[in-house]
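Chemist: Quick one: the structure is below, and I'll ask about it shortly.
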Amino acid sequence: MYKSLLRPLLFLLSPEAAHHFTLQFLKIILWIPGFKSLFRAIFCFTHPKLERQLFGLKFPNPIGLAAGFDKNARYIDELSCLGFGFIEIGTITPKGQTGNPTPRLFRLPKDHSLINRMGFNNDGVEEAIIKLKSRKSKIIVGGNIGKNKVTDNIKATDDYLSTFDQLFDYVDYFVVNVSSPNTPNLRELQEKEPLTNLLSMLIKRNKEKVVQKPLLLKIAPDLTNSQLDDIVEITQELKLDGLVATNTTTSRDQLNTSEKTVSEIGAGGLSGKVLSSRSTEVIKYLNVKLKGKVPIIGVGGIFSAQDAIDKLEAGASLLQVYSGFIYEGPGLIKKLNKALSDR
């Protein structure tokens, strides 16, 4: 029903308008008594085989919602009714910011992919905390944190520490995002020296807390093997809790969409089916280098059970979906979980 009826109607709207409409509609319909139970019955699937114990947290299933979908933690209760094992909010910055000018989100239907240059648009950490305080769902929530656009890289650590401190009591784990291609110069923080300094300061601050929270790093799929080796070295040296592989790509290789259309869209991070192979390659490379000792959350182009299995076999411990959720609909999560439980 979703792909034959709902998706064509939603795709008549601009991608960003469709996103907001869908989430608001979900919020309204689940406000009706009994509908949350109905949605859970339709979309949720539980099985002991799906449970994962990682970072000191018990995940009911390994399929999560990637950061970027619920940037401001507004819809956690509603999204928790769709079968996810965990939800990652953000990217959240210390101060709210509007992000890049619209249009900034584009569909590539021929490739089952998206291009976005959102630019960390979010309401800021204080607003996110208000929403997190009011949520009723007990689903595991990760906080994806970044820096404000106006903050120079020299002072980026201050932004990350500020958001980390304020958000600490309200999320279950943290993901450090230095790999978005849509904030100017952000990816420079992936270089070995600045990344080591940033993560060292966050780890130091984490150790000052009475109880520590898992700290993960999200990386780009565009890193060379030499740069991935640096990530491995940093991960081992600093004893990071985990990695998220991968963010969106700036590559435009192997697209079925015309070069003219892609050129007209312009800059942005590409996600979706075309990213599946590369993200799996990165997961496998990191897992081999880390000898399977560091958990990896695999994200990028998961549209089917086989996509999920490929990433798990490559070394991922957990998975996240985004573009696949948009193209395949809410039934994807149950489909993946059922297939993994059978496996």
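The values are calculated or read from the model by the stated rules, or taken from the named source; none is laboratory data. Predicted model, so just to flag it, every value in this text is computed and none were measured. Quick reminder, even Gly has a Cβ in these numbers, built from the backbone with ideal geometry, and neighbours come from all protein chains shown.
Chemist: Confirm whether GLY68 is assigned to a loop (DSSP other than H, G, I, E, B), in contact (Cβ under 8 Å) with a residue 40 or more places away in the chain and at positive phi.
Modeler: Spelling it out, GLY68 is indeed assigned to a loop (DSSP other than H, G, I, E, B), in contact (Cβ under 8 Å) with a residue 40 or more places away in the chain and at positive phi.
Chemist: Inspect the stretch 98-106 for any residue being in contact with a helix residue (DSSP H, G or I) (Cβ under 9 Å, 6 or more places away or on another chain) and surrounded by fewer than 17 Cβ atoms within 10 Å (Cβ to Cβ) and give the result as yes or no.
Modeler: Yes, the stretch 98-106 contains a residue that is in contact with a helix residue (DSSP H, G or I) (Cβ under 9 Å, 6 or more places away or on another chain) and surrounded by fewer than 17 Cβ atoms within 10 Å (Cβ to Cβ).
Chemist: Show the residue pairs that are 6+ apart or on different chains and have beta-carbon atoms under 8 Å apart, the first residue being within the stretch 72-97 and farther than 17 Å from LEU186 by Cα, the second being among the aromatic types (Phe, Trp, Tyr) and part of a loop (DSSP other than H, G, I, E, B).
Modeler: LEU79/PHE69; GLY83/PHE45
Chemist: Considering only the stretch 85-102, I want to know if a residue exists there that is part of a loop (DSSP other than H, G, I, E, B), closer than 22 Å to PHE168 by Cα, in contact with a Ser or Thr (Cβ under 6 Å, 6 or more places away or on another chain) and at pLDDT 95 or above.
Modeler: Yes: one or more hits.
Chemist: While we're looking at this one, here's another question. Here is a list of conditions, (1) closer than 27 Å to GLY99 by Cα; (2) surrounded by fewer than 21 Cβ atoms within 10 Å (Cβ to Cβ); (3) touching a Gly at 6+ places or on another chain (Cβ under 7 Å), and GLY292 meets all of them except one; can you say which number that is?
Modeler: The failed condition is (1).
Chemist: Let me ask something additional. State which residue is surrounded by the most Cβ atoms within 10 Å (Cβ to Cβ) when the search covers only the stretch 147-163 and only residues that are part of a loop (DSSP other than H, G, I, E, B) and of a type in the set (D, E, K, R).
Modeler: Ranking the candidates gives LYS147 first.
Chemist: Report, ordered by the first and then the second residue, all pairs with beta carbons closer than 7 Å, sequence separation of six or more or different chains, a first member in the stretch 6-23 that is assigned to a helix (DSSP H, G or I), and a second member that is basic (Lys, Arg).
Modeler: If the second residue must be basic (Lys, Arg), the pairs left are PRO15/ARG107.
Chemist: I'd like to verify a number: residues in the stretch 178-234 that are in a helix (DSSP H, G or I), under 24 Å from GLY268 (Cβ atoms) and touching a residue at least 60 places away in the same chain (Cβ under 8 Å), how many?
Modeler: Result for the stretch 178-234: 1.
Chemist: Restricting the search to the stretch 232-260, which residues are surrounded by 15 or more Cβ atoms within 10 Å (Cβ to Cβ), under 21 Å from LYS311 (Cα atoms) and more than 19 Å from the chain's Cα centre (by Cα)?
Modeler: Across the stretch 232-260, the qualifying residues are VAL232, THR235.
Chemist: Here is a further query. If you scan the stretch 24-45, which residues turn out to be assigned to a loop (DSSP other than H, G, I, E, B) and surrounded by 14 or more Cβ atoms within 10 Å (Cβ to Cβ)?
Modeler: LEU30, CYS44, PHE45
Chemist: May I ask you to verify whether LYS36 is charged (D, E, K, R), more than 30 Å from PHE106 (Cα to Cα), touching a Leu at 6+ places or on another chain (Cβ under 6 Å) and in contact (Cβ under 8 Å) with a residue 24 or more places away in the chain?
Modeler: yes
Chemist: Take the conditions at pLDDT 95 or above, farther than 24 Å from THR280 by Cβ and not polar (S, T, N, Q) and apply them to ASP222. Does it pass?
Modeler: no
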